[in-house]
Amino acid sequence: MLTIIIGKTCSCKSSIVKELRKYGFHPVLTTTTRPKREKEIQNVDYHFVSEEEFLEKIAQNYFVEYKVYKTELGIWYYGSAREDIESAGEKDIIILTPEGYRDVVKEYPSLEYRLVYISANNQTIKNRLMKRGDKKEEVERRIKQDYQDFKGVENLADRIVYNNENDEFSDVVDKLRSYLEENS
């Protein structure tokens, strides 16, 4: 059963999934054209490719879903490989957008999956983005975009896990891990 994680920007989705590796869960990496952030590693955090490579993969029907973002720093693409979804196992976890989730379910209606929404409030998100060093314009753009993209998503989720500033990260990971292990 594939676990699909969705969450607004800076809800710590990637950090949570990285931590779950310690418990035998396997991240399914997505492909992106955005620049690597400090401490990110090729083929560990994402498959980083050029825009040209990404567009070639689109033409080859490589992705089951992909998204294009117009950011303050340029256009970025993100996509999920069809083969990764088709071969997903019991402890595989992928991070998607709500639209990406819908695309995967539409393409593979018989796929066994569970959807977990990592929820963080806007103040937490804004503080994390600023701490990360994002420009004010990009922070505002992302929060505004997330407002649109995540409307009603809590009604789709099998589980909501909250991760706000006052929550201990280890507690958030433990709550999610317990849910995943109990519902395997």
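The values are calculated or read from the model by the stated rules, or taken from the named source; none is laboratory data. In this text the structure is predicted, and so the values were computed from the model without any measurement. Accessible surface is based on the protein model in full, side chains and every heavy atom, while ligands, DNA and RNA are left aside. Shrake-Rupley method; radii C 1.70, N 1.55, O 1.52, S 1.80 Å.
Structure notes:
- Å² of accessible area per residue within segment 1-120, as computed with a 1.4 Å probe and no ligands counted: 50
- Residues whose amide H comes within less than 5 Å of that of residue 92, counting only those at least five positions distant or on another chain, are 3, 26 (H built at 1.01 Å from N in the peptide plane).
- Percent accessible area from carbon and sulfur atoms, the chain, protein chains only, probe 1.4 Å: 45
- Take the convex hull of the alpha carbons in the chain; its mean projected area over all directions comes to 10.2 nm².
- GNM flexibility winner over the chain from 161, 173, 44 (Cα, springs under 10 Å): 44
- Gaussian network model of the chain, springs between alpha carbon atoms under 10 Å - residue of 143, 75, 85 with greatest fluctuation: 75
- Centroid-to-centroid, using Cα positions, segment 1-73 and segment 113-184 are 16 Å apart.
- Candidates 23, 78, 66: whichever shows maximal mean-square fluctuation once the chain is modelled as a Gaussian network with Cα springs under 10 Å: 23
- The accessible-area ordering, largest first, of the residues 1, 130 stands as 130, 1, per a 1.4 angstrom probe.
- Segment 29-72: projected area of the alpha-carbon convex hull, averaged over directions, in nm²: 3.5
- Share antiparallel - DSSP beta bridges, the chain, percent rounded to 5: 35
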